[in-house]
Amino acid sequence: HLRLVESGGGLVQPGGSLRISCAASGFTLGDYTIGWFRQAPGKAREGISCISSSGRSTNIADSVKGRFTISRDNAKNTVYLQMDSLKPEDTAVYYCAAPRSRFQSMCVMREYEYDYWGQGTQVTVSS
């Protein structure tokens, strides 16, 4: 079925930056709203950002606002999450996800709105 692949995770020091990517396999990512979620061990999955297919509508969680930026390059079939001023509490597996329907004009950060999920990329923030 439709596949999403995250990449770019790794180990960074507090205050550092990292850009992670979500790439599509088997479909045109530019047709879809994309959400970014994260989950730390023992904690619930948290919606952190989303972007509509056009890129005109975005949302970002208060916990990362001012530090994280979502963007997309549909020509490259990729959505990015730029993470700056990273904190240890940002440590988690980061997932991107897409809904079943194409061309949604709005985006939300609720898990139940998304049907297709990547395998996740680990981000570890530690000194």
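The values are calculated or read from the model by the stated rules, or taken from the named source; none is laboratory data. All values derive from a computational prediction rather than experimental measurement. Cβ: placed from backbone, ideal geometry, glycine included. Neighbour counts: every protein chain shown. Only protein heavy atoms, including side chains, enter the accessible area calculation; ligands, DNA and RNA are left aside. Shrake-Rupley method; radii C 1.70, N 1.55, O 1.52, S 1.80 Å.
Quick one: what pairs do we get from the range 1-25, first residue within 15 Å of residue 78 (Cβ to Cβ), second buried (at least 17 other Cβ atoms within 10 Å of the Cβ) and among the basic types (Lys, Arg), C-beta under 9 Å, 6+ apart or different chains?
22/72
So which residues in the range 28-42 are touching a residue at least 24 places away in the same chain (Cβ under 8 Å) and over 27 Å from residue 76 (Cα atoms), if there are any at all? Steps first, please.
Taking the range 28-42 first, the residues touching a residue at least 24 places away in the same chain (Cβ under 8 Å) are 28-40.
If the condition is that a residue be touching a residue at least 24 places away in the same chain (Cβ under 8 Å) and over 27 Å from residue 76 (Cα atoms), then 40 is the only one that fits.
Return the residues of the range 61-77 that are within 11 Å of the chain's Cα centre (by Cα) and farther than 18 Å from residue 125 by Cβ; say none if nothing qualifies.
Once the filter is applied, which keeps residues that are within 11 Å of the chain's Cα centre (by Cα) and farther than 18 Å from residue 125 by Cβ, the range 61-77 yields 70, 71, 72.
Scan the range 20-44 for residues that are in a strand (DSSP E or B), surrounded by fewer than 20 Cβ atoms within 10 Å (Cβ to Cβ) and out of contact with any Gly (no Cβ under 6 Å at 6 or more places or on another chain) and jot them down.
Once the filter is applied, which keeps residues that are in a strand (DSSP E or B), surrounded by fewer than 20 Cβ atoms within 10 Å (Cβ to Cβ) and out of contact with any Gly (no Cβ under 6 Å at 6 or more places or on another chain), the range 20-44 yields 23, 25, 39.
Counting only residues that are touching a residue at least 40 places away in the same chain (Cβ under 8 Å), open to solvent by less than 80 Å² (accessible area, probe 1.4 Å) and among the aliphatic types (A, V, I, L, M), give me the strands (runs of 3 or more DSSP E) lying completely in the range 49-122 with at least 1 of them.
78-83, 92-98
Just to verify a result, which residue in the range 1-19, among those that are in contact with a Phe, Trp or Tyr (Cβ under 8 Å, 6 or more places away or on another chain) and not in a strand (DSSP E or B), is modelled with the highest pLDDT?
Checking each candidate, the answer is 9.
Is it fair to say residue 87 is out of contact with any strand residue (DSSP E or B) (no Cβ under 8 Å at 6 or more places or on another chain) and of a type in the set (D, E, K, R)?
Values: out of contact with any strand residue (DSSP E or B) (no Cβ under 8 Å at 6 or more places or on another chain): no; of a type in the set (D, E, K, R): yes.
Judged against the criteria, residue 87 is not a match.
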